[in-house]
Amino acid sequence: MLFWIIIACSVTVVFLYKLIDILIRIPSIGNYGDRHILITGCDTGFGNLLAKRLDELGCHVFAGCLTEKGAADLKKVTSERLCALSLDVTNGDSVQNCLMFVKSKLPAERGLWGVVNNAGGARSAVGHPDWIRLEDYRAQCDLNLFGVIDVTLAFLPLVKREKGRVVNMSSIYGRFTLAVSSPYCIAKHGVEAFSDAIRRSLRSFGCQVSVIEPGVHFHQTPAAMHDRVSQLLRQTFERADPDVQEDYGHTYASSVEGLRFFLSQGSQRVGDVIDAYEHALFGRNPRARYVVGWDARFVYLPLQCLPEWLGDWIYERLANGRPRPASTR
């Protein structure tokens, strides 16, 4: 009898916690027309969609684009409130030029309500750690980590002035590391650590920091994503040392069977990520972390919470179908 009373109380406590957590997230701050927000990486993808969403809400958006074409295309489909500007987050001079431009456009004594570090992505290095060159690790960190740090630190005084928000795009791979994506995962783990540090640091200034942690989200068809990953695997393998190539063998390198399960759990519901961004910027009680996607919530998070020996065993079972390296057969 006591056992069932404990179970019932536990379920009730969890239910009430979840209910309260949902209810306190509902209120938003509104007043969109008075908000100035910088977004990086707006040429395509999540940044482009977010810039359009915030423009529709009436915000004043500074949309950082890497290419002139990206800026021009975005400007064609948005209002005069949106300002598309050149920004390469891997270039310190570009970041400083963007800062000076934003300052010149802000009303007197005003700052930025939000800085959204969206720029990033998985570049060409996809493969096992010993396939990948050191410069590939550096390139990934320059884009996905050091760019986030540089932009955040540059614009932080403007965010403090408004007691605003910093929202960083991370990934569920900032918590769970895939064996064939170590440069990207390393960079995203760094984003998680940096975000935790500035969240705790900025609390006394009235600022809030959130991290977006999506799983696999396709801006293209799953088949196209599958082909792209296969191509990147082959390209990385072909640049590896001859001894490494001999260890694994070309049959292993050309196979993405071990990734088929993980890719198959991806989603084309990119709007869910934009909704998370919006809540992080305008929710009265934003979350510190937004885990987005079925795979992120029900595959990667549980695996990350398990003891390493058990999580690794399950990971190997999920990657079933991958051929063995040539030297281990």
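The values are calculated or read from the model by the stated rules, or taken from the named source; none is laboratory data. Just so you know, these numbers come straight off a predicted model, no measurement behind them. Ideal geometry is used to build each Cβ from the backbone, glycine not excepted, and the neighbour counts take in all protein chains shown. Protein only, heavy atoms only, side chains kept; ligands, DNA and RNA dropped before computing areas. Shrake-Rupley method; radii C 1.70, N 1.55, O 1.52, S 1.80 Å.
Things to note:
- Secondary-structure-derived ellipticity at 222 nm for the chain, considering helices only, amounts to -16000 deg cm²/dmol, per-run term -39500 (n - 2.57) for DSSP H runs with n ≥ 4.
- Normalised Debye scattering of the chain at q = 0.10, 0.12, 0.13, 0.15 Å⁻¹ gives log10 I(q)/I(0) of -0.65, -0.89, -1.01, -1.25, counting only Cα atoms as equal scatterers and leaving out solvent.
- Axial C-alpha extent at least 27 Å, average Kyte-Doolittle at least -0.5 - helices from the chain (DSSP): 2-24, 182-202
- Per-peptide packing, taken as the mean over residues of other Cβ atoms within 10 Å, places 287-297, 177-187, 76-86 in the sequence 177-187, 287-297, 76-86 from highest down.
- Where segment 267-329 is the region considered: accessible area per residue in Å², 1.4 Å probe: 57
- Ordered by solvent-accessible area of protein heavy atoms (1.4 Å probe), largest first, the residues 20, 212 come out as 20, 212.
- Checking the Cα-Cα distances for 69/103; 105/163; 69/163; 160/188 against a 29 Å cut-off, the pairs over it are 69/163.
- Centre separation in Å (Cα based) which lies between segment 94-168 and segment 19-77: 15
- Taking only the Cα atoms of segment 23-130, the ratio Rg/Rh comes out at 1.04, with Rh defined as the Kirkwood radius.
- Ranked packing of 24-36, 88-100, 132-144, most packed first, by mean Cβ within 10 Å: 132-144, 88-100, 24-36
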